[in-house]
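Participant: Here you go, one structure.
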Amino acid sequence: MITKTILSLGAGYVGGPTMAKIAEKCKDVTVYVGDLNQGRINAWNSDQLPVFEPGLDEIVKKCRGKNLHFIVPTEEHYKKADMIFVSVNTPTKSYGEGAGMAADLQYWELAARGIGQYARPGTIIVEKSTVPVKTAEAISVILNSEGVRYPVLSNPEFLAEGTAMKDLENPDRVLIGHEEDEQGRMAAGELKALYARWVPEEKILLTNVWSSELSKLTANAFLAQRVSSINSISALCEKTGASVAEISRAIGTDSRIGAKFLEASVGFGGSCFKKDILNLSYLSAQFGLPEVSEYWHSVVRMNDYQQERFVKQILSEQFNTVAGKKIVILGFAFKPDTNDTRESPAIYVCKRLLEEKAHLAIVDPQALGEAKTDLKGIDENVVYTEDAYAAAEGAHALVILTHWRQFGELDYRKIYSAMKKPAFLFDGRRLLDREKMYEIGFNVYSIGAKPLKKF
Ligand code: NAD
Ligand code: UGA
């Protein structure tokens with residue numbers, strides 16, 4: 001079989017960009033990106049895409065209406081598809097057994113049932129969502145219960161937000177997990193042929209389904225663990241006068257350790273790290289491995305600690321009260337170059353400061369709409385603006401929570417002169433040169449370095 005028509009279920013941060021890339025690279029394949037959320041589909045069909053990713057707009061504009069279509073799926077779309085990617089959300093379960101830890105697979109199962117109802121037998125099902133190990137097996141049982149066979153592949157996505165289009169263009173690897181029978185191998189070959197249009201063959205790894213599923217959780221757990229590890233050291237640096245930047249550089253030059261993911265910060269955010277580690281921890285406990293479960297859970301606890309530690313520092317350095325004080329929040333997205341705020345440390349920090357009756361001016365170039373949604377009902381004392389200079393008027397403190405490049409280019413002398421004195425800077429991303437900021441007049445608190453105080 002040669003794949004002519006693809007349906008993706010889920011038009012989110014993964015479904016939208018990955019399908020746009022496939023449409024761009026495989027002009028002879030018709031790609032339908034489907035979502036149950038009509039509003040999201042309308043946005044994909046408009047000039048204001050629901051996902052901000054550098055480079056995405058151009059590709060969507062080039063392919064939309066040609067071989068890329070954003071739709072609410074109907075029976076006909078399922079029937080036409082030779083291959084169906086499932087890129088639906090798999091959040092942490094908020095109810096019942098495993099609440100707060102396990103993955104909620106209700107959207108996945110709903111998607112599978114739609115496939116079972118309408119798709120042609122033999123249609124290749126591609127699990128792109130991040131799921132617990134053995135999900136493909138469970139989905140196969142649901143799909144194949146009527147004696148009809150659908151091969152189910154695991155093809156986890158490793159893109160990072162903000163660099164999604166680059167990651168899709170030039171991935172470190174593409175992982176395809178397949179069943180060890182004739183049909184599984186054939187299906188894997190079909191998916192491999194699709195990626196091979198632009199990814200070098202040696203980067204396309206074939207494994208069994210369970211290794212593929214568990215590799216995805218493991219990759220995210222290892223990445224998050226590095227952030228928690230360096231963050232734990234940042235706390236020690238602040239006490240001892242060592243510099244976490246110097247430590248990152250010193251250990252990062254060890255080729256066995258490597259330089260990436262050693263940026264100390266106010267904590268990791270994003271929709272996946274926390275959920276995937278909690279899921280890994282839950283699975284380990286379910287399989288009777290409490291020590292393994294506990295080990296991974298500590299990565300999330302360290303992240304929670306880092307965020308709370310940062311808030312406590314603001315409070316204590318503001319003479320234990322921020323009530324009625326204006327605080328400028330520079331950055332709300334969980335990282336630069338995205339409008340995504342899911343699990344952003346900014347949500348936690350802002351909520352804590354609002355509980356303490358602070359007045360906030362939130363500045364973000366892309367994520368103000370999302371920030372309004374996240375703080376809905378508690379934002380009586382919040383203003384949202386793209387203008388950092390206006391936000392700084394009469395402010396007591398600046399708090400940097402996202403390392404947007406734009407924030408590094410602001411005129412901090414001008415900002416300082418607009419602020420109340422003494423003026424404070426809390427840099428949760430180590431974005432700014434602390435010595436320079438201190439010279440300008442700020443009291444400077446930068447993650448992982450001893451504070452520079454004027455008094
Ligand atoms: P998202 O919430 O942005 O998008 C998921 C979409 O699926 C939503 O728009 C929802 O309406 C839709 N949906 C739910 N059930 C559906 C159904 N039955 N049929 C059609 N549409 C349905 O989520 P996301 O960030 O794109 O993540 C999707 C999956 O990919 C998750 O499992 C996540 O862990 C994984 N992942 C995400 C990233 C990332 O950077 N966001 C990276 C790698 C992997
Ligand atoms: C992460 C992984 O990097 C992707 O490979 C994976 O596909 C994705 O999760 C997923 O499964 O959703 P993402 O969350 O988009 O991607 O972004 P990252 O660049 O990994 O950053 C995650 C968080 O860690 C951000 O809040 C970032 O600011 C923080 N971080 C990252 C640090 O605090 N320090 C670092 O050194 C690196």
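The values are calculated or read from the model by the stated rules, or taken from the named source; none is laboratory data. The structure presented is a predicted model; accordingly, all values stated were derived computationally and were not measured. All Cβ positions, even for glycine, are placed from backbone atoms using ideal geometry, and neighbour counts span all protein chains on display. Accessible surface is based on the protein model in full, side chains and every heavy atom, while ligands, DNA and RNA are left aside. Shrake-Rupley method; radii C 1.70, N 1.55, O 1.52, S 1.80 Å.
Participant: What fraction of the DSSP beta bridges in the chain is antiparallel, stated in percent and rounded to the nearest 5?
Facilitator: On the way: 3 of 50 bridges.
DSSP beta bridges in the chain are roughly 5 percent antiparallel.
Participant: For a quick protection proxy, order the peptides 6-13, 198-205 by their average other-Cβ count within 10 Å, most packed first. Can you show the working numbers first?
Facilitator: Working: 6-13: 25.9, 198-205: 13.4.
Packing order, densest peptide first, comes out as 6-13, 198-205.
Participant: Leaving out ligands, DNA and RNA, and with a 1.4 Å probe, what % of the accessible surface on the chain is carbon or sulfur? Please report the intermediate quantities before stating the final value.
Facilitator: Numbers: 10670 of 19920 Å².
Result for the chain: 54 percent of the exposed heavy-atom area is carbon or sulfur.
Participant: Say each of residue 169 and residue 287 gets a label point 7 Å from the Cα, pointing the same way as Cα to Cβ; how far apart are those two points in nm?
Facilitator: 3.8 nm
Participant: Further, regarding this structure: Which of the peptides 74-80, 335-341 is most tightly packed, and how do the rest follow, judged by the mean count of other Cβ atoms within 10 Å per residue?
Facilitator: My ranking of the peptides, most packed first, is 335-341, 74-80.
Participant: Going by amide H atoms built from the backbone, whose H comes under 5 Å of the H on residue 362, apart from near neighbours?
Facilitator: When sequence neighbours closer than 5 places are left aside, the close amide H contacts are 329, 383, 384, 385.
Participant: Find how much the distance from residue 261 to residue 357 grows on full extension, using 0.36 nm per residue of separation minus their present alpha carbon separation; answer in nm with one decimal.
Facilitator: Numbers: separation 96, 0.36 × 96 = 34.56 nm, distance 3.45 nm.
Here the answer is 31.1 nm.
Participant: Which angle between 0 and 90 degrees, to the nearest 10, do you get for helix 273-286 versus the longest principal axis of the chain when only C-alpha atoms count?
Facilitator: Helix 273-286 sits roughly 60 degrees off the main axis of the chain.
Participant: OK, next. Could you please tell me the mean projected area of the C-alpha convex hull for the chain, averaged over all directions and given in square nanometres to one decimal? It would help to have the intermediate numbers written out before the result.
Facilitator: Working: hull surface 91.5 nm².
With the hull built on Cα positions only, its mean projection is 22.9 nm².
Participant: Can you sort 104, 379 by 1.4 Å-probe accessible area, starting with the largest? Don't skip to the answer; put the middle values down first.
Facilitator: Details: 104 10, 379 45 Å².
From most exposed to least exposed: 379, 104.
Participant: Using 7 Å Cα-to-Cβ label points, what is the residue 452/residue 46 separation (nm, one decimal)?
Facilitator: My value for the distance between the label points is 4.5 nm.
Participant: Alpha carbon centre of the range 378-455 versus the range 103-145: separation in Å?
Facilitator: Using only Cα atoms, the two centres lie 48 Å from each other.
Participant: Name the residue farthest towards the positive end of the dipole of the chain from the options 214, 394, 295, assuming +1 on Cβ of Lys and Arg, -1 on Cβ of Asp and Glu, about the Cα centre.
Facilitator: Working it through, the farthest residue towards the positive pole turns out to be 394.
Participant: Does the range 7-161 come out rounded, prolate or oblate, given a ≥ b ≥ c as the square roots of the eigenvalues of its C-alpha gyration tensor, rounded meaning a/c under 1.5 and, failing that, prolate meaning a/b above b/c?
Facilitator: Numbers: a/c = 1.91, a/b = 1.30, b/c = 1.47.
The shape class here is oblate.
Participant: By its C-alpha gyration tensor, with a ≥ b ≥ c as the square roots of the eigenvalues, how is the range 298-455 shaped: rounded for a/c under 1.5, else prolate for a/b larger than b/c, else oblate?
Facilitator: Details: a/c = 1.30, a/b = 1.19, b/c = 1.09.
It is rounded, given that a/c, with a ≥ b ≥ c, falls under 1.5.
Participant: Further question: Using a Förster radius of 41 Å, what is the FRET efficiency between residue 4 and residue 298 based on their Cβ-Cβ separation? Nearest 0.05, please.
Facilitator: Details: r = 48 Å, r/R0 = 1.18.
The pair residue 4/residue 298 has a calculated efficiency of 0.25.
Participant: Now for a separate question. Quick one: go through the range 240-255 and flag any residue whose amide nitrogen is under 15 Å from the point 7 Å out along the Cα-to-Cβ line of residue 316.
Facilitator: Residues 240-241 fall inside that zone.
Participant: Taking θ as phi - 60°, what are the ³J(HN,Hα) couplings along the range 440-454 by the Karplus curve (6.51, -1.76, 1.60), each to the nearest whole Hz, with x for Gly and Pro?
Facilitator: 4, x, 5, 7, 10, 10, 10, 3, x, 9, 5, x, 10, 10, 8
Participant: Shifting gears a bit: Which far-off residues, 5 or more places away or on another chain, put their amide H under 5 Å from the one on residue 8, with H placed in the peptide plane?
Facilitator: Distant-sequence amide H within range of residue 8: 32, 33, 34, 85.
Participant: For the range 5-199, what does the accessible surface come to per residue with a 1.4 Å probe? Please give it in Å².
Facilitator: Values: 7870 Å² over 195 residues.
Computed with neighbouring chains in place, this is 40 Å² per residue.
Participant: Which order do 226, 120 take when ranked by solvent-accessible area (1.4 Å probe, heavy atoms of all protein chains), largest first?
Facilitator: Values: 226 60, 120 95 Å².
Final ranking, largest accessible area leading: 120, 226.
Participant: On a C-alpha basis, how far is the centre of the range 19-35 from the centre of the range 158-177 in Å? Whole number, if you could?
Facilitator: 16 Å
Participant: Next question, about the same structure. Only bridges with both residues in the range 5-199 count here: give the DSSP antiparallel percent, nearest 5. Write down the numbers at each step before the final one.
Facilitator: Working: 2 of 23 bridges.
Of all bridge pairs located within the range 5-199, approximately 10 percent are antiparallel.
Participant: Sticking with this one: Explain nothing, just compute: Karplus ³J(HN,Hα) = 6.51 cos²θ - 1.76 cosθ + 1.60, θ = phi - 60°, for every residue of the range 431-436 in order, whole Hz, x for Gly and Pro.
Facilitator: Couplings: 7, 9, 6, 5, 4, 4 Hz.
Participant: Taking a virtual spin label 7 Å from the Cα of residue 251 along the C-beta vector, which residues in the range 424-455 bring their backbone nitrogen under 19 Å of it?
Facilitator: 429-430, 447-450
Participant: Sticking with this one: Around residue 122, which amide H atoms from residues at least 5 apart in sequence, or from another chain, sit under 5 Å from its own amide H, with H modelled in the peptide plane?
Facilitator: 149, 150
Participant: What is the calculated FRET efficiency for residue 385 to residue 222, with r their C-beta to C-beta distance and R₀ = 35 Å, to the nearest 0.05? Kindly include the intermediate steps, with their values, before the conclusion.
Facilitator: On the way: r = 38 Å, r/R0 = 1.08.
With a Förster radius of 35 Å, E is 0.40.
Participant: I would also like to ask the following. How long is the gain from residue 36 to residue 203 if the chain were fully straight, where each residue apart is worth 0.36 nm and the alpha carbon distance is subtracted? Don't jump to the answer; show the numbers that get you there.
Facilitator: On the way: separation 167, 0.36 × 167 = 60.12 nm, distance 3.33 nm.
This chain segment gains 56.8 nm when fully extended.
Participant: Would you kindly derive the ³J(HN,Hα) couplings of the range 420-425 from the backbone phi angles with the Karplus curve 6.51 cos²θ - 1.76 cosθ + 1.60 (θ = phi - 60°), listing them in order in whole Hz, with x for Gly and Pro?
Facilitator: 6, 10, x, 9, 10, 10
Participant: Further, regarding this structure: Whole percent per 5 Å bin, from 0 to the bin with the longest distance: what is P(r) over all C-alpha pairs of the range 89-239?
Facilitator: Computed distribution, short to long bins: 2, 9, 15, 18, 18, 15, 11, 6, 3, 2, 1, 1, 0.
Participant: Using Cα pairs closer than 8 Å and at least 6 residues apart in sequence, work out the relative contact order for the range 5-199, in percent. Can you show the working numbers first?
Facilitator: Details: 334 pairs, mean separation 39.6, N = 195.
Worked out over the range 5-199, it gives 20 percent.
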